[in-house]
Amino acid sequence: MIHPLYFFFLTFRWEDLVDILLVSILLYQLYRLVRGTAAMNIFIGVAIFYTFYRIVLAFHMELFSSILGKFIDVGVIALLIVFQQELRRFFLFIGTYNVMGNQRIRKAIFSWGEDGKETALDINAVVKSCRNMSDAKTGALIVITRGNDLKFYTNTGDPLEARVSVRMIESIFFKNSPLHDGAVIISNNTIRAARCVLPVTENNDFPAHLGMRHRAAVGITENTDSLAIVVSEQTGEIAFAREGAIENNISPEKLKELLEKYLAG
């Protein structure tokens, strides 16, 4: 039998160590979701308040702890309202970002019994179209799915179901095209839809000189495990977004390298 270790008035068991580890992981993931947003200060305030509440409980201050406990009870409902957006992103993270392991395994499980095989993305076509649009300063926003097919966001646009090609991508983002405003979503080497509406990042530290395409690219990669490519209409620079971070002014060669790296798994 494992005997607990005594530290003053507290006991510490191996179960407590596991408990602390799991809570630390949960808090870290929540911190990642609210980092840089207006909810960050609220998150810190709630963490301080709850820590103080646990200290009061540990010292058996019954009257004070009962008062703070009432705030905790009501606060749970308030937090669901205040952190509505962050909670949504958290559950999207659980459902899409490597929680079930390798994405090929996930697709094999969830696509069991479906006809057809996964088709690798034509990376050369994507890179070449981005190079051409960069030279012509044609604005573009391309989202490439991985574990999640982004059906919700695909349904906000106009369905195409067209094979990925240089001409198709450039035609969509041609400035006089009715489909150029919005994002293209590519899945299984197929352009599922164009003119899609994406969520924009709420990060307060987001660079002010970047436009709405860049904000949408970061926003979709914060909420899902997808990759996003932006071609700036003002400068022609190519940007690449993943996991809520964006890398600006990359070369077509660097873009190809990044796509091969993150689509290989």
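Here are some notes:
- Per-residue 3J(HN,Hα) values for the range 17-27, derived from phi via the Karplus relation 6.51 cos²θ - 1.76 cosθ + 1.60 with θ = phi - 60°, read 5, 5, 4, 5, 4, 5, 5, 4, 4, 4, 5 Hz in sequence order (x marks Gly and Pro).
- Each label was represented as a point 7 Å from its Cα along the Cα-to-Cβ direction; for residue 81 and residue 119 these points are 4.9 nm apart.
- Inter-centroid distance (Cα atoms) of the range 237-265 relative to the range 165-233, Å: 14 Å
- Pairwise Cα distances in the range 119-265 exceed 29 Å for 4 percent of all pairs.
- Footprinting exposure proxy ranking of 237, 253, 222, fewest other C-beta atoms within 10 angstrom first, gives 253, 237, 222.
- Ascending count of other beta-carbon atoms within 10 Å, so fewest first, for 56, 76: 76, 56
- Among 153, 50, the ranking by other beta carbons within 10 Å of each residue's beta carbon, starting with the fewest, stands as 50, 153.
- Whole-Hz Karplus values for the range 43-59 come out as 4, 5, x, 5, 4, 5, 4, 5, 4, 4, 4, 5, 5, 4, 5, 5, 8 Hz, taken residue by residue from phi with 6.51 cos²θ - 1.76 cosθ + 1.60 and θ = phi - 60°; glycine and proline positions read x.
- Interchain or long-range residues, amide H under 5 Å from residue 157's placed H: 197
- Over 21 Å (Cα to Cα) - which of 175/261; 137/256; 128/254; 128/261; 128/175 fall in this group: 175/261
- Modelled label reach - residue 135, point 7 Å along Cα→Cβ, the range 227-265 residues with backbone N closer than 16 Å: 236-238, 251-253
None of the figures in this text is laboratory data; all of them are computed from the coordinates on show. Predicted model only: the values in this text are computed from it and were never measured. Note that we place each Cβ from the backbone using ideal geometry, even for glycine, and neighbour counts take in every protein chain shown.
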